[in-house]
Amino acid sequence: MDIRPAYSEDAPALARHIVMAESEMIRFFTGADDPEAAMAALELWIRSPTPCRFSAEFGLLAEVDGQPVGAAISFPADRQPELDAVLLDALRQRGFSIPRLSFEGEPGTYYLYAMGVDPAFRGRGIGTALMAASEERGRQLGFSRTSMLVAGDKERTRTRYERQGYSVIADVSIGGVAYRRMARTL
């Protein structure tokens, strides 16, 4: 398995894995109920020269024998308002009157937004390797902490991340959905 930075030409693979990880939020952002339409909309944001949370520059791809089997998106948490401007514009064009999106990461951390692994490749350490690569990217950028959100009903996921050194630092509600904000020192 290899983990590498994503590039704009990786948009189809990156979009597929982001939709795998964040299907509800992607439907909200894109307005597309059909996964194929959501991926097509997401690909435009991945390739866009205007930075947003989905930009290829924030992506990592996991490959096995040259085939993408997983992906992660992570970025400096404090950049979220800037990176969400494109998404807010898209939501407003669809009639939503949203002044801003909820702040998700812990301020001052490198935020792991989404991570998806193909079902046939789960249980092989790919998610763990993507997380480690995201953390290393954060370290290289000078961050001393990383953070993420875990859905409140995902106890097994929370427990898995706690075994990797993360701890719950806050319970948050975003769009009426309960999450646990988790963080760890890098």
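Throughout, read-outs are computed from the coordinates displayed, never taken from laboratory work. What you see is a predicted model; the values in this text were computed from it and never measured. Heads up, the Cβs are rebuilt from the backbone with ideal geometry, glycines too, and the neighbour counts pull from every protein chain shown.
What to note about this one:
- The GNM of the chain, with springs linking C-alpha atoms under 10 angstrom apart, assigns the highest mean-square fluctuation among Thr146, Thr109, Thr159 to Thr159.
- Total charge dipole magnitude, the chain, about the Cα centre, Cβ charges on Lys, Arg, Asp, Glu only, Debye to nearest 20: 560
- Taking amide H as placed 1.01 Å from N in the peptide plane, Ile174 has its amide H under 5 Å from the amide H of Tyr179, each at least 5 places away in sequence or on another chain.
- Charge dipole of region 33-186 about the Cα centre (unit charges at C-beta), most positive-ward option of Ala183, Gly105, Leu88: Ala183
- Shape index of region 71-163: Rg/Rh, with Rg the Cα radius of gyration and Rh the Kirkwood radius from the inverse mean 1/r over Cα pairs, equals 1.02.
- Taking a ≥ b ≥ c as the square roots of the eigenvalues of the alpha carbon gyration tensor, region 8-78 is oblate, as a/c is not under 1.5 and a/b does not beat b/c.
- GNM result for the chain, Cα springs below 10 Å: residue of Ala72, Ala37, Ala56 fluctuating most strongly: Ala37
- Rg/Rg_globular for region 2-141, with Rg_globular taken as 2.2 N^0.38 Å and Rg from C-alpha atoms: 1.01
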